[in-house]
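Undergrad: Let me begin by handing over the structure; questions about it come next.
The values are calculated or read from the model by the stated rules, or taken from the named source; none is laboratory data. Quick caveat, the model's predicted, so the values are computed rather than measured. To get the accessible areas, we keep the full protein, side chains included, count just its heavy atoms, and leave off ligands, DNA and RNA. Shrake-Rupley method; radii C 1.70, N 1.55, O 1.52, S 1.80 Å.
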Amino acid sequence: MEDINYIKHLNGVFEQFARDSRLNPTHISLYVALFQLWNINFFKDGFYINREEVMELAKIGSKSTYHRCIKELSHWDYILYTPSHNPFKGSRIKMFDFGTSTGQALDLSRTKIGTSNGQAVVPIIKHIQTIENKTNLNKPPFYKKTSVNGSKNNDKLSTTVPYPDNLGTSTDKTYDDPL
């Protein structure tokens with residue numbers, strides 16, 4: 001299957017998923033895991049799977065959930081599942097093609113306006129704040145630091161650290177000095 005058919009198939013499947021209210025996230029995760037294995041098997045008509053491998057890919061922790069979902073996907077014609085009942089031989093899966101026709105897919109729910117040759121422009125709606133921010137109205141005003149006696153402290157505070165620049169960060173670092 002070519003890359004374009006791969007994309008068409010996924011688009012077709014996800015459109016089908018969107019219309020099918022019976023599906024839950026576990027069904028979709030299982031289908032995507034099976035699709036990945038189908039891809040690894042070069043999109044052969046049918047391929048064999050290992051339950052543990054599929055459960056790990058689909059992030060399914062329960063065997064009963066796995067069996068319920070794979071049987072439902074088969075019953076709902078998303079896949080054809082043929083269980084092997086043999087622990088040494090995997091079950092057979094056949095994936096159906098969705099949306100891989102050569103023509104353009106038509107969406108009947110769209111309006112009849114037509115299409116353009118240009119790129120669709122999606123408007124970006126940014127929230128413009130037109131109301132004054134009232135969350136900081138009760139915030140106390142900012143005061144400049146003053147010393148204990150009330151005079152403004154414009155001088156640098158004296159430090160009690162004996163070596164304030166012991167890593168040599170204020171000057172160019174010499175890599176010969178130890179840290």
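Undergrad: Could you do me a favour and compute the accessible area per residue for the range 1-51, 1.4 Å probe, result in Å²?
TA: I get 60 Å² per residue for this part.
Undergrad: Would you mind computing the Rg to Rh ratio of the range 1-100 from its alpha-carbon coordinates, Kirkwood style for Rh?
TA: Using Cα coordinates only, the ratio equals 0.94.
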